[in-house]
Amino acid sequence: MKPIILPDKTIKNVVVLDFDHADENDALCRYLDKNDIKDIGEMFDADTCKIKIRDDDYLFIKIEDDNDIFIVYWDAEYNIERKELETILFLFFSDGFEEHFTKKHSGWSDYTQGCIAFKEWGQSTFAIWQYIGELPNFK
């Protein structure tokens, strides 16, 4: 499976990968080697960012280097069309994401359908972002 790479509107390339194919991306592998990260799975923990689509949560991590932003997501049960999930994650990490998302309160009661719970590395609380508009359905 080829990752979504759409650099046209972004300062950095945004590369969205599923966990099972992340090791096929040469730039990500170079980053992991350079930072002595042996297993990308170790970066997923109980406090990982997530997105809710169709009542299911999908975990993801953001890895950023000088040229790229890598978003690696975990869909262990493959119960969603990948393009749907990848498109929403791509939009969230692209320049101008405010056109597609609105910030909600940071309470977990605000984490509903089409929301992303995201926190930057080192932050202690999540920000809840709501996807604006219809959720894409590529099925």
> Under a 5 Å amide H to amide H cut-off, with H placed in plane at 1.01 Å, what residues pair with Asp65 once short-range neighbours are removed?
Replying inline: Phe70
> For the chain, what is Rg from Cα atoms divided by 2.2 N^0.38 Å, rounded to two decimals?
Replying inline: 1.00
>> I want to check the label-to-label distance for Phe97 and Ser109. Put each point 7 Å from Cα in the C-beta direction and report it in nm to one decimal.
In response: 2.6 nm
> In nm, to one decimal, how far is the Ile37 label point from the Ile11 one, both placed 7 Å along Cα→Cβ?
Replying inline: 2.0 nm
>> How much length would be gained if the chain were fully extended between Asp23 and Asp57, taking 0.36 nm per residue of separation minus their Cα-Cα distance, in nm to one decimal?
In response: 10.0 nm
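Note down the magnitude of the dipole of the chain about its Cα centre, charges +1 on Lys and Arg C-beta and -1 on Asp and Glu C-beta and zero elsewhere, to the nearest 20 debye. Before the final figure, lay out the partial values.
Numbers: 16 positive and 30 negative charges, 87 e Å.
Approximately 420 debye in magnitude.
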>> Between 0 and 90 degrees, rounded to the nearest ten: what's the tilt of helix 82-93 against the longest Cα principal axis of the chain?
In response: 90 degrees
>> What distance in nm separates the two pseudo spin-label positions at Asp65 and Lys119, each 7 Å out from Cα along the beta-carbon direction?
In response: 2.7 nm
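Taking the range 33-62, which trypsin sites (Lys or Arg not before Pro) meet the DSSP loop condition and have no more than 14 other C-beta atoms within 10 Å? Each step should come with its number before you reach the end.
Numbers: sites: Lys34, Lys38, Lys50, Lys52, Arg54, Lys62; in loops: Lys38, Arg54.
Sites meeting the loop and neighbour criteria: Lys38, Arg54.
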> Which pairs in the list Lys34/Lys83; Lys34/Lys62; Lys38/Lys103 are over 23 Å apart, alpha-carbon to alpha-carbon?
Replying inline: Lys34/Lys83; Lys38/Lys103
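Readers should treat all values here as calculations from the given coordinates under stated rules, not as data from a laboratory. Note that the structure is a prediction, hence the values are computed from the model and not measured. Ideal geometry is used to build each Cβ from the backbone, glycine not excepted, and the neighbour counts take in all protein chains shown.
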